[in-house]
Amino acid sequence: MRPSRFLPALGILAVLVALWWVSAIGSMIFPTPLAVLKAIGELLRTGTLMQHVYASLFRVTIGYLGALALAIPLGSMMGWFPRWFRAINPAVQMLRPISPIAWIPLAILWFGVGDASPTFLIFLATFFPVVVATASGVHMVEQQYVRAARNFGVNGFTLYRRVIFPAALPNIITGMRVGLGVAWLVVVAAEMVAINSGLGYLIIDARNAGSRYDLVVAGMVIIGLIGFGLDGVMRKLEHLEEVRWRYGT
Amino acid sequence: MAPDAKIVVRDVAKTFRTARGAVKALEGISFEVRESEFVALVGPSGCGKSTLLNMLAGFDRPDTGEAVVDGRPVLVPSRKGVLITQRGSVFPWMTVERNLGFGVDGLPEAEQDRLCRHYIELVGLQGFENAYPHELSGGMLQRVEVARALMAKPEVLYMDEPFAALDALTRLRMREELLRILQRERHTCILVTHDVEEALHLADRILVISPRPGRIQRTVEVDVPHPRRLSSIRLVALRELVLAELGVTSYPEPSAHGAAAMPASVPGQQKVTSGSNGNGLHGLPSPLLDAKKTPIGTESS
């Protein structure tokens, strides 16, 4: 990659770090970038960092895949059959604006303190963006593709598998990308209250157990880096040959 | 009904309900198409010619009357009659090769590959087998469209302004390509167009459809062998005839030359069912004297 492509981004990051550094000078509590770097090193040495990262990623994976497994078929039905849409859409639109964070008390009530509660919250966080994107993607499939397929005698589930799903896939992937972003936001919040492992727990524990703000900020930095990585994976999906036609080349 | 009629359209009518009331699109349409014949439906926009094609391909049903192919009324789309439109329906998420294979899913893979190679070669897309549609030009996409339709071994090709979205040069080239392909693999074809030259270039017979409600206003036999030269006296005369029938040209004086050039032009002439334009047969110009009306740039053949 040519330097001119990533240098501006690096420059902005450098400015942010510099501002942080300046604002941290002289503070007894707010850590400098160097202190945070040392804290990350410490977490890596003791192995606690990877333990928390795995715990968070595990919950996100299960909740996310569960949501996809339900949201894509349901969204497809809503997009294809107006009756399904009329029946289900009002419920979806009413539940969707409720932040998954608001569900935390109920999640703990129903699932207790353990892996199930954050996983449930991630499921909620991911389900709605994917349902909405899938329904609109399927609804907007251009009729000439469906007509051509019918002309060749393709109907029913084969029509869905070979035409409707691939035609809606660019929309579905956009929904998945939004969903994964929200899931990563929510897992940290959920781990702060509903469980005692994961990156969210790392942050809240570092503060409660000894005001280790260098560890707090280290956790934040790691969360940011992983979120950046997850988004990169989703962007890779958008570059697959099967969906590139929709995003422009 | 003639014994060799491949397609029979009998007294078809269709009315659409819109917010502003009922619109009668087609009325009393009857015609027949022989096996391997190429028929063009020419008419102004909104005359219902696309609706007619949709009915023949099974995407729409007439209110009254029927569309019969091979002795059976058409009720649903099938690969017996494949429809090609200007909007294009080449699947953008599949390579050219996979698009071609789409219509022949049931065949063994070796047979699919053989057919695919044959049609890729026929439409001149060698080297683009693994390309995605977004990498192709508009003309190439319509070639894929045609090749995919032919792969399914349809008995009838229905074409709804198939080349209308292409630029003028590509359009002309595609007509020549289509004629070349049809010479090698004869199909029954019905073409809907408002391009009179395109109809004259391709069709054996032209049905002129009247404005709404669409009716067959006139049948014109294009009794000119291929390759056709659009600037030939005969085709220019036929062009003037069709344009006059569509009411888009008007000539002040009936011309003796024009009348002399006409007699053999409309064998099997039907009566003019709609007298919507005042010229009728008499307004025809002399193609010999009216040289500036000769289409320019169409002398490729």
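General remarks:
- So residue B:45, is it out of contact with any Gly (no Cβ under 6 Å at 6 or more places or on another chain) and at pLDDT below 90: yes
- Residue list for the range B:120-136, restricted to those being in a loop (DSSP other than H, G, I, E, B) and either in contact with a Leu (Cβ under 9 Å, 6 or more places away or on another chain) or within 12 Å of another protein chain (Cβ to nearest Cβ) (or both): B:123, B:125, B:128, B:129, B:130, B:131, B:132, B:136
- Test: residue in the range B:141-161 that is charged (D, E, K, R) and over 25 Å from the mean Cα position of the chain (by Cα): no
- Restricting the range A:221-244 to residues that are within 14 Å of another protein chain (Cβ to nearest Cβ) and either within 20 Å of the chain's Cα centre (by Cα) or in contact (Cβ under 8 Å) with a residue 60 or more places away in the chain (or both), the residue that is surrounded by the fewest Cβ atoms within 10 Å (Cβ to Cβ): A:239
- Residue in the range B:108-119 that is surrounded by 14 or more Cβ atoms within 10 Å (Cβ to Cβ), in contact (Cβ under 8 Å) with a residue 24 or more places away in the chain and outside any helix (DSSP H, G or I) present: no
- Some residue of the range A:3-23 being closer than 30 Å to residue A:194 by Cα and assigned to a helix (DSSP H, G or I): no
- The residues of the range B:201-236 that are of a type in the set (A, V, I, L, M, F, W, C) and touching a residue at least 60 places away in the same chain (Cβ under 8 Å), listed by number, are B:202, B:203, B:206, B:207, B:208, B:209, B:216, B:230.
For every residue, the table says whether it meets (1) in contact (Cβ under 8 Å) with a residue 40 or more places away in the chain; (2) small (Gly, Ala, Ser).
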| site | (1), (2) |
| --- | --- |
| B:18 | no, no |
| B:43 | yes, yes |
| B:57 | yes, yes |
| B:81 | yes, yes |
| B:86 | yes, no |
| B:92 | yes, no |
| B:95 | no, no |
| B:100 | yes, no |
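- Residue under evaluation residue A:28, criteria (1) part of a helix (DSSP H, G or I); (2) without any contact (Cβ under 8 Å) to a residue 60 or more places away in the chain, criterion not met: (1)
Condition check ((1) surrounded by 24 or more Cβ atoms within 10 Å (Cβ to Cβ); (2) within 30 Å of residue B:129 (Cβ to Cβ); (3) within 14 Å of chain A (Cβ to nearest Cβ)) across all residues:
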residue	(1), (2), (3)
B:14	no, no, no
B:17	no, no, no
B:48	yes, no, no
B:68	no, no, no
B:79	no, yes, yes
B:85	no, yes, yes
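- Among residues of the range B:87-114 being within 14 Å of another protein chain (Cβ to nearest Cβ) and over 26 Å from residue A:169 (Cα atoms), the one that is modelled with the highest pLDDT is B:112.
The values are calculated or read from the model by the stated rules, or taken from the named source; none is laboratory data. From a predicted model like this one, the values you see are computed outputs, not experimental measurements. Cβ sites come from the backbone with ideal geometry, for glycine too, and all protein chains shown count toward neighbours.
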